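Comments concern the structure below.
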Amino acid sequence: MTAEIDQLKAKPTVLNLGPSHPAMHGTLRLYCELDGEIIVKAIPEFGYLHRGFEKHCENSTYTQCIPYTDRLNYVSAMMNNVGFCKAVEELMDIELPERVQVIRVIICEINRIIDHLVCTGTNIVDIGALTNFWYYFNVREKFYNIIEKLCGARLTTAYTRIGGLMRDVYDGFEAEVRACLKEMLDALDDVSGLIGKNRIFLNRTIDVGVISAEKALSFGFTGPCLRASGVPFDVRKDTPYYDYENYDWDVAVGEHGDTYDRVVVRFEEMRQSTRIIEQALAKLKPGPIMTDDKRAALPPKEEVYTNIEALMNHFKIIYEGVRPPEGEIYSATEAANGELGFFIVSDGTGTPYRVKCRPPCFPIYQAYASMCEGGMISDAIAILGGLNVVAGELDR
Amino acid sequence: MELNALSEQFKEAILQATVRGGQGVVECQVAKLHEILQFCHQSPVYQIDVLLDVVGVDYLGKAPRFALVYLLYSTNLKHRMRIKVWVDEKDKVPTASDIWHSADWAEREVYDMFGIHFDKHPNLKRILLFEGFEGHPLRKDYPVNRRQPIPEIEEKL
């Protein structure tokens, strides 16, 4: 009898998930071999959003690269701006004024909150809970209003410049941010209350997509996904920049490395970001928003119109671009999804010789297939949302 | 960050070892690359547990044409290292995917963009671009405005 049943075994089904599927965020595609509803083998395919970011940078001035970085992780665009500018500034050895550093910390943390709102909100939607998504997106909209007032754009911000910022914050910025943070914490409490004891949510996320700390490290995980596995690695703590070591905040660390931990770590990080922003707002003192280093900063307009040297300097910086000395640098920041690194090679001219972006989700997505295999198709969706893979920076 | 242990262990294979901006920068021979990476991974002095990325750089006109930079990090000791090797188009670079999983895709990307081959790599094929793409776009002699039609290829699992 058993021999007969073996002969009846069905052929594996091949299912193509994505690239244009509402649950495969962005343009990701997973080619699955199924046995019933179990994924036996999964092959991820991506690159649909590849637009040659690195090649474009090699043909632009350093300042022209900044708008390209918006399109990397478009959910938290300002963090990419900051990451790229920080690398160039380190290459040129530019010291930033304190106000610039504090504003950069504030906008980075606001973008971290937005990114986590989108990531956890959509992850919970994929599992079937829509209400939380609206709670989160209401707040996200308010944060985007602030960003719009700050730089005129909502998603493609290009807010930083090499050596400083595009413009200063507007009057009433502090009060608006504080009001938004309060609303965000309320929304966070609402969502935590809705899903905290929800059987469906817990069953769909606990012990789903487990990855051990050791495996996560070997796969090159960073950020919340690594911390969910129990490794307290955070660039802001371990190799601090922008005075992060002097803010009072804690690193959120998970334990099991499953989807549930990844969601909860992000919840906690949003709370910690609020703490950082509160302290940064208190530290915000009037001051210049651009370095006075003549290699990077445009001369003041009065001088450009009255002084020939300032006029020439202005044209040189605009036409030829900022010119870092010959050399190479790797500089990392903690973006919403992990370590965002830029490796830049300069040949001393105004265009970078090579820019390599190290996106946090590239190594994370590599582990995705192995996390899906052996689970149900529906688990693959729950896992993907928690990993927060953004196609813009995955494909570059 | 100090690099004496590495220099003593590998002597001539290390062409240059300096610390710049708190990061260890090592230039080494490609023949010893795998051993050096393995050493960094296992030695208690370095404890490199994360391979962040592999970066290719095309120095068109130089004798070994390409440079490969391995970006390393130790979560325990909180230090960064860069290991750089010079390779030519025909060279077979030993894969690091048996040491770190993350090397698998990172090396595929380098292969895709620069056409550098990795020896003993489990699945060396294009990653961001499609099968049938001609040339390697991040090489300096690939024109920035060149366009290619996407060929119709039957997909195999």
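Looking across region A:145-188, just one residue is among the hydrophobic types (A, V, I, L, M, F, W, C) and open to solvent by 70 Å² or more (accessible area, probe 1.4 Å), and that is A:Leu155. Which one is farthest from A:Thr69 (Cα to Cα) among residues in region A:13-58 that are more than 8 Å from chain B (Cβ to nearest Cβ), of a type in the set (Gly, Ala, Ser) and part of a loop (DSSP other than H, G, I, E, B)? For region A:13-58, the residue satisfying everything is A:Gly36.
The residues on offer are B:Asp58, B:Asp112, and the sole one that is in contact (Cβ under 8 Å) with a residue 40 or more places away in the chain, within 11 Å of chain A (Cβ to nearest Cβ), farther than 26 Å from A:Phe233 by Cβ and not β-branched (Val, Ile, Thr) is B:Asp58. The set of residues from region A:318-376 being in contact with a Cys (Cβ under 7 Å, 6 or more places away or on another chain) and more than 12 Å from chain B (Cβ to nearest Cβ) comprises just one member, A:Asn337. If the condition is being touching a residue at least 40 places away in the same chain (Cβ under 8 Å), open to solvent by less than 40 Å² (accessible area, probe 1.4 Å) and either over 23 Å from the mean Cα position of the chain (by Cα) or within 14 Å of another protein chain (Cβ to nearest Cβ) (or both), then region A:189-222 contributes A:Ile195, A:Phe201, A:Leu202, A:Val208, A:Ile211, A:Ala213, A:Ala216, A:Phe219, A:Gly220, A:Phe221, A:Thr222. Counting only residues that are open to solvent by less than 20 Å² (accessible area, probe 1.4 Å) and of a type in the set (Asp, Glu), which one in region A:59-93 is farthest from the other protein chains (Cβ to nearest Cβ)? Ranking the qualifying residues of region A:59-93, first place goes to A:Asp70. Evaluating A:Val139 against the criteria (1) assigned to a loop (DSSP other than H, G, I, E, B); (2) buried (at least 17 other Cβ atoms within 10 Å of the Cβ) leaves one unmet condition, (1). Among the numbered conditions (1) β-branched (Val, Ile, Thr); (2) farther than 26 Å from B:Glu109 by Cβ; (3) surrounded by 14 or more Cβ atoms within 10 Å (Cβ to Cβ), the only one that B:Val30 does not meet is (2).
Taking region A:212-228 as the range and being more than 19 Å from B:Leu37 (Cβ to Cβ) and part of a helix (DSSP H, G or I) as the test, the residues that pass are A:Ala213, A:Ala216, A:Gly223, A:Pro224, A:Cys225, A:Leu226, A:Arg227, A:Ala228.
When region A:223-239 is examined, which residues are found to be open to solvent by less than 40 Å² (accessible area, probe 1.4 Å) and touching a residue at least 24 places away in the same chain (Cβ under 8 Å)? Result: A:Gly223, A:Pro224, A:Cys225, A:Leu226, A:Arg227, A:Ala228, A:Ser229, A:Gly230, A:Asp234, A:Val235, A:Arg236. Of all residues in region A:323-364, which are surrounded by fewer than 24 Cβ atoms within 10 Å (Cβ to Cβ), touching a helix residue (DSSP H, G or I) at 6+ places or on another chain (Cβ under 9 Å) and in a loop (DSSP other than H, G, I, E, B)? Across region A:323-364, the qualifying residues are A:Arg323, A:Pro325, A:Gly350, A:Thr351. Within this structure, A:Gly164 passes the test of being closer than 23 Å to A:Cys85 by Cβ and of a type in the set (Gly, Ala, Ser).
Checked against (1) within 9 Å of chain A (Cβ to nearest Cβ); (2) closer than 17 Å to B:Val69 by Cβ; (3) part of a loop (DSSP other than H, G, I, E, B), B:Arg139 passes all but condition (1).
Within the option set B:Ala63, B:Ala31, being more than 14 Å from chain A (Cβ to nearest Cβ), of a type outside the set (D, E, K, R) and in a helix (DSSP H, G or I) holds for one residue only, B:Ala31. For region A:272-279, the criterion of being outside any helix (DSSP H, G or I) and either within 21 Å of A:Gly338 (Cβ to Cβ) or acidic (Asp, Glu) (or both) is met by none of the residues.
The values are calculated or read from the model by the stated rules, or taken from the named source; none is laboratory data. Source: prediction; values computed, not measured. Because the Cβ atoms are built from the backbone with ideal geometry, glycine has one as well, and the counts that use them run over all protein chains shown. Areas reflect the complete protein model, heavy atoms only, side chains present, ligands, DNA and RNA absent. Shrake-Rupley method; radii C 1.70, N 1.55, O 1.52, S 1.80 Å.
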